[in-house]
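Laboratory data are not the source of any read-out in this text; all were calculated from the coordinates shown. None of these values were measured; they are calculated from a predicted model. With ideal geometry, Cβ positions are generated from the backbone for all residues, glycine too; neighbour counts draw on all protein chains shown.
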Amino acid sequence: MRPFGLAALWICVAALAPAQGNPPPRETLIKAGRLIDGRSDAPQANVGILVAGERIVAVGPLAQVQGQAKSATVIDLAAMTVLPGFIDTHTHLLLQGDPTSESYDQQLLYQSTPYRAILAARNARIALEHGFTAIRDLETEGAMYADVDVKLAVSRGEIPGPRIFAATRAMAPTGMYPIVGANWELELPHGVQPVDGVEGARLAVRQQVAHGADWIKYYSDRRYYFGADSVLHSWVNFTDEEAKAIVDEAHRLGRKVAAHAIGADGIAAALRAGVNSIEHGDGFTDALLDEARAKGVYWAPTVTVAYYVAGPRGGVWGPMIAAQKRAFQRGLQKGVKIVFGTDVGGFPWTELNQAKEFAYYVQYGMTPLQAIKTATAVAAELLGQDDQIGAVAPGRYADLVAVQGDPLKDITELERVRFVMKGGVVYLSK
């Protein structure tokens, strides 16, 4: 997808965004040729989906549901496969690709937060047009609380975009996350909120929640290397006491916690702290996978970004792909809760379709239906939204996508979304 100029962006936004205060049609009847509802183990044929306002009110055989619709607007998707809107649980709206430290520094040093927020609005639209009706945005990378601003603009109907669950700034101890400069006379921008000590950890959680954080994220590790045991190891950032303070305070305030944890040491530390999700997780061992499963911890493997950064970063990043694939296959066998997450923003929003992640999951051993569930029912469960999104069922939001072919035969169909509805409003139809 080509990048938009600013004038074109706002023209498109105005055209796509529903007018403020203008509700969706009172009733809409969707005729689905095939339905993959996000929960069932098999697709259904010739299904009717009745939408009232922003919610689904009936799903069933077309003739039956059609009888319930009185004066509904009809959307004919009889030649398509309909699915729940996709959920990406690991994104960065405020980041435009960081395969190298130079590309990362360029954004933090030479782009203002308002400029980055404009790009984030564009990225929200891209995500929605690719079929992602909900995202968990796991930190702004130095753009403070701008993800909350984008979330508010979307929720108020000012710009089109997915439902956003924001993590704001993320956390790492002093000196353990970029930008770390060699010139001690300059205080450079921080990609995270620097946090030190147990009391500092609790204060940071409170500050982020006060500024609108739905989730808390921290960096459990850095500096990855393979040891003599062939395990991918890492340096752990926080002390156990600090990490546990982050998690305990977040849970006390009703927030869940995601931990960036790539090496086995960082994963182990995050699991000890009691996090809700492990991000990346390349260094998962059998023992750590067993622990994650026993504790009900979710794992967002972010495979797409692993391939994207391996070449430019070099060194250990290439072999990490093979380690992650082995861990994924073992985790799948063991029943670990693998959830769809891409780390888009780590690769440019305008270069790759984040739905590419589905194909990697199938290549790594999932069935197409299992892969779809990672971005529907499983992702909704992680977000605590399984009664709202992630399934085509009565009472859920009318968040729907449609593709021309059958994704159970060719998972790459999900990279070619033809129809997107969010909350009963159609944002894409082609």
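The angle between the Cα long axis of helix 317-334 and the main principal axis of the chain comes to about 60°, on a 0 to 90 degree scale.
Between the alpha-carbon centres of the range 384-430 and the range 155-204 there is a gap of 32 Å. Using C-alpha pairs below 8 Å separated by at least 6 residues, the relative contact order for the range 87-354 is 20 percent.
A Förster radius of 56 Å, combined with the Cβ-Cβ distance separating Ala228 from Glu54, puts the computed FRET efficiency at roughly 0.50. Per-residue ellipticity at 222 nm from helix content only, as computed over the chain with -39500 (n - 2.57) for each DSSP H run of at least four residues, stands at -10500 deg cm²/dmol. Counting neighbouring beta carbons within 10 Å and listing from fewest to most, the residues Leu77, Leu128, Leu186, Leu428 come out as Leu186, Leu428, Leu77, Leu128. Fully extending the segment from Tyr307 to Leu203, taken as 0.36 nm per residue of separation minus the present Cα-Cα distance, adds 33.8 nm. Loop-located trypsin sites (Lys or Arg not before Pro) in the range 153-218 (DSSP state not H, G, I, E or B) with no more than 13 neighbouring Cβ atoms inside 10 Å: Arg156.
The structure-derived value of Cα extents along the principal axes in Å appears in the list (i) 68, 47, 41; (ii) 65, 47, 47; (iii) 72, 47, 36 under the label (i). Here's the picture: a label point sits 7 Å out from the Cα of Leu186 along the beta-carbon direction, and within the range 115-135 nothing has its amide nitrogen under 18 Å of it. With springs only between Cα atoms under 10 Å apart, run a GNM on the chain and tell me which of Asp88, Asp76, Asp290 wobbles the most. Greatest mean-square fluctuation among the candidates belongs to Asp76.
The Cα atoms of the range 181-232 cover 45, 33, 19 Å along the three principal axes, with the biggest extent listed first. For the pair Arg416 and Asp387, the difference between a 0.36 nm per residue extended length and the Cα-Cα distance amounts to 7.7 nm. Between Asn46 and Ile118, the simple spin-label model (points 7 angstrom out along Cα→Cβ) gives 5.3 nm. The Cα center of the range 232-303 and the Cα center of the range 351-381 differ in position by 22 Å.
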